[in-house]
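S.K.: My questions will all concern the structure given below.
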Amino acid sequence: MKDQIIINLDQELKKKNMTSKELAARIGITEANLSILKTGKAKGIRFNTLASICKELDCQPGDLLEYDNEEYQQ
């Protein structure tokens, strides 16, 4: 396993009882782009998009993004 960033967006959406469709509409991105982010297939995220997600979900960036490094798990 290599180092990776884990996206916890689904968990935050569940906490707020919000759908991906609703979040996408609120922050002004397509559902397809939000899906790419949720599945971890995005190459990056703009800070303004991250800030918009955090604002709508009332969370911090660290609630959404998690660094997973196999070295720390041994």
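The values are calculated or read from the model by the stated rules, or taken from the named source; none is laboratory data. Every value quoted in this text rests on a predicted model; they were computed, and no experiment measured them. Heads up, the Cβs are rebuilt from the backbone with ideal geometry, glycines too, and the neighbour counts pull from every protein chain shown.
S.K.: So Gly28 passes all but one of these: (1) out of contact with any Leu (no Cβ under 7 Å at 6 or more places or on another chain); (2) under 22 Å from Lys2 (Cα atoms). Which condition number does it fail?
M.R.: Condition not satisfied by Gly28: (2).
S.K.: In contact with an Asp or Glu (Cβ under 9 Å, 6 or more places away or on another chain) and not charged (D, E, K, R): does that describe Leu23? If you could, list the steps in order and put the result at the bottom.
M.R.: Values: in contact with an Asp or Glu (Cβ under 9 Å, 6 or more places away or on another chain): yes; not charged (D, E, K, R): yes.
Criteria met by Leu23.
S.K.: Residues that are touching a Ser or Thr at 6+ places or on another chain (Cβ under 8 Å), at pLDDT 95 or above and surrounded by 17 or more Cβ atoms within 10 Å (Cβ to Cβ): find the helices (runs of 4 or more DSSP H) completely inside the chain holding 1 or more of those.
M.R.: Once the helices (runs of 4 or more DSSP H) in the chain are filtered for at least 1 residues that are touching a Ser or Thr at 6+ places or on another chain (Cβ under 8 Å), at pLDDT 95 or above and surrounded by 17 or more Cβ atoms within 10 Å (Cβ to Cβ), what remains is 9-15, 20-27, 31-38.
S.K.: Identify, please: which residue in the stretch 33-74 is of a type in the set (Ser, Thr, Tyr) and out of contact with any strand residue (DSSP E or B) (no Cβ under 9 Å at 6 or more places or on another chain) and is, among those, farthest from Lys15 (Cα to Cα)?
M.R.: Here the residue is Tyr72.
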